Structure formats: C-alpha cells, structure tokens
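Peer 1: Dumping the structure here so I can ask a few things about it.
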Amino acid sequence: MTMNDPREMAAGIVGAVDWQTEVSGFCRCPGESLHTHKTGKKDCRVNVDGAPTIYCFHSSCAPAVAASNLRLRRELGASVWELALPGGKVLRSGDILQGDGSVKKHEAIEGGAAAPPYLGDRRAGTDAPYLSEKLVLETLSVLAERFRPELFEAFHWPFAQIVEDSPLLVSERDPEDQFRTWLRLWPSHCHVWIGDVFSSGRPEHRTNFRPVADWYQIGPVMGNFTCGSSFKPGSFQRSNANCNGTRFLVIESDTLAKDEVGAIFLYLQRRLHYQLHCIIDTAGKSLHAWFDAPRNKILETRLKAGLTAFGCDPKVFTYSQPVRVPGAFRDGRLQRLVWLKD
C-alpha cells in the first residue's frame, strides 16, 4: 500500500513550503492579502504532525487561516500516512516530532487509545474535525518551541523600549504613588492580599487581606508580595479556594532576560489581543506582566501550555501564587511599575 505524504498534501493547500524539518516549514499565508502590516518570510508556518496546523503571526488573516486549517486537518486526518525520519524512526498520523528528534506516539498522547486522531463530529451534525484536547495541548507545546525564534524576532520589545512605550509615565514615580496607581487596576469591592510569602494561614493574617480602600490608606507596608487574584472577605489563607473570581493572568520568566521576555508580552497583546494592564520591574532579574485572564478554562489551559514552552514560569499561573507588588522595596531596590495602560 502506498502511503500518502502529508507534506505534499499540505503543499497542495498552502503552496510551496520551505521545510525547516521533516514536518514543519515556512509557507505563504492563505490570508496574506488581508495583512495590514508588512509580511515577512517567516510569518507563517505549516506543521503536519500532531494536530496539523497553519499559523501566522498576523491576526487580520485569521478567517482565511482558519478555513485553510479546517481543510488541512480534514485531508490529513482522513488519510493514513507515515514519514521515515533520520535514524530509522517512523512518524505516523497523529504522532508528534519532539525537539530532540524523538517521536511521541499518538497512542501515548491519548493514554493508549488507538482511535484515529481526527473524527467527524456527528454530534454537531457536521464534518468539522474533532481533535482531542490532549492532542491539541501536546501540539501547542511543540509548536511554541518551533515558533520561539520567529516570535522573539518579530515581537522584540527590550526593556528600555517598554519603559518608553508606556502610555502613562510611571517608572519614576515615588513608592507611594506607584502603589496607589497599581491599586486602581482593581475594582473597588475587591479584597486584595499583600504581605510576605508566609503571611497566610493563621487567623492573625486577616490583616493582610483588606479591601482596596483600606490599602489606599495603609500603603505597601505589609510586605512586598501580592496576588493576581482577589479573595473572599474574611479570608486569612492565601489559597485558590478563597479566590473570589476577580483575577489577572500574571506572566514572568526566570530564564529569559528583561530584554527578551518583552517579546512574549507584546505577542500576547498584539497578536492574541489579551489586554495588558501593567508591567512591573521586580527589582530582580525578571519582569511581571499583568493581563486580563483568559475567558474560559480551555483557552487558559492552551495559553499556559504555549507560554510554558516559550519559557514562562508555570508557577505564576496559580491563582494564589505570590507576585511582586509595586511600591515596596526588595533588598533596598524599588519594585516599580514601568508600563501602565492609559
């Protein structure tokens, strides 16, 4: 039996592909005519492994890319194919080629399931591909690793430029002004935790959980940490169970320099359209960016998978994780706002 070549099938949809690996390469965006900014040679990439995906760094072309993705997944999902890889390895439909050259089998991703990766969703009365969430998440992580070089090039946003680009000039404000300016991000009814890492868990720690109005009067004297989530009134333990639903997604990286991590912040703001509220210099080696949290759990889980592969710290995604508060001092250095939305 002659096996189909997924690369030929992909080229039949997107045109000529500059293959960078056996399964991934640069191509012309299916919606290039819709781009509102200059198109670069590395702006769009097609991947045939895992959940086959066409991805472009532009957002104006999204409808055309989505239509081509639907076609790509239908055609590859309905076919039985395999690719011979260097070293005698074989990649088959639904498998994912890892960054180290190993192959993660579809059965391993699905926990032993032998069903094909793409199924017609008869429940919805359509032939739209149904992708298991496990396969989508695994694919997103690998795609993020492949896209890293282009992302850091296309969305380069070094620290000095972040400060200069701030809609409001905040980096030189005094500590009290920094703190009170940051408090305005919170709705007035919120109870916010401020303290040290261990200022939680005992009844006496209720004083670290206060309404925003109280913190305006007190200032940042209770500690140099806060959370991206507000808490239920009466809380004295910083835990996910005590969060009341008002929260931000805080993003940082312990491995990327301040001149590098800005690319991820800008990518989320410009390409994925998450609202950026502020960026905080932690007075250490990292920056913290505060975004609106994703709209639902599926989007949140997918975003976190990609961000972790980009080099962001997954611990900070925990709703009750301590993060640095502006206006407080860390070893004599001010934790400060350096970018704030208008």
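Yes or no, residue by residue, for (1) farther than 21 Å from L140 by Cα; (2) touching a His at 6+ places or on another chain (Cβ under 8 Å); (3) among the acidic types (D, E); (4) surrounded by 15 or more Cβ atoms within 10 Å (Cβ to Cβ):
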position	(1), (2), (3), (4)
E8	yes, no, yes, no
A16	yes, no, no, no
T21	no, no, no, no
F57	no, no, no, yes
A64	no, no, no, yes
G88	yes, no, no, no
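Peer 1: Let me ask something else. Among the numbered conditions (1) farther than 16 Å from F159 by Cβ; (2) touching a helix residue (DSSP H, G or I) at 6+ places or on another chain (Cβ under 7 Å); (3) not in a loop (DSSP other than H, G, I, E, B), tell me where S235 comes up short.
Peer 2: (3)
Peer 1: Let me ask you something else. Within region 266-293, count every residue that is at pLDDT 95 or above and over 22 Å from T226 (Cα atoms).
Peer 2: 4
Peer 1: Here's something else I'd like to know. If I go through region 273-288 residue by residue, how many of them are without any contact (Cβ under 8 Å) to a residue 40 or more places away in the chain and out of contact with any Ser or Thr (no Cβ under 7 Å at 6 or more places or on another chain)? Talk me through it step by step, then tell me what you get.
Peer 2: Here is the first cut: in region 273-288, the ones without any contact (Cβ under 8 Å) to a residue 40 or more places away in the chain are 274, 285-286, 288.
In the following step, the residues that additionally are out of contact with any Ser or Thr (no Cβ under 7 Å at 6 or more places or on another chain) were identified as 274, 285.
Final tally of qualifying residues: 2.
Peer 1: Does R74 count as at pLDDT below 95, of a type outside the set (D, E) and out of contact with any Leu (no Cβ under 8 Å at 6 or more places or on another chain)?
Peer 2: yes
Peer 1: Out of I298, I279, report the one residue that is closer than 30 Å to H35 by Cα, more than 13 Å from the chain's Cα centre (by Cα) and either aliphatic (A, V, I, L, M) or surrounded by fewer than 21 Cβ atoms within 10 Å (Cβ to Cβ) (or both).
Peer 2: Only one candidate passes the filter, namely I279.
Peer 1: Select, from N244, N240, N296, the only residue that is modelled with pLDDT under 95 and either under 26 Å from F329 (Cα atoms) or touching a Lys or Arg at 6+ places or on another chain (Cβ under 7 Å) (or both).
Peer 2: The conditions single out N244.
The values are calculated or read from the model by the stated rules, or taken from the named source; none is laboratory data. Since the structure is predicted, the reported quantities are computational estimates derived from the model, not experimental observations. Every residue, glycine among them, receives a Cβ derived from its backbone with ideal geometry; neighbour counts consider all protein chains shown.
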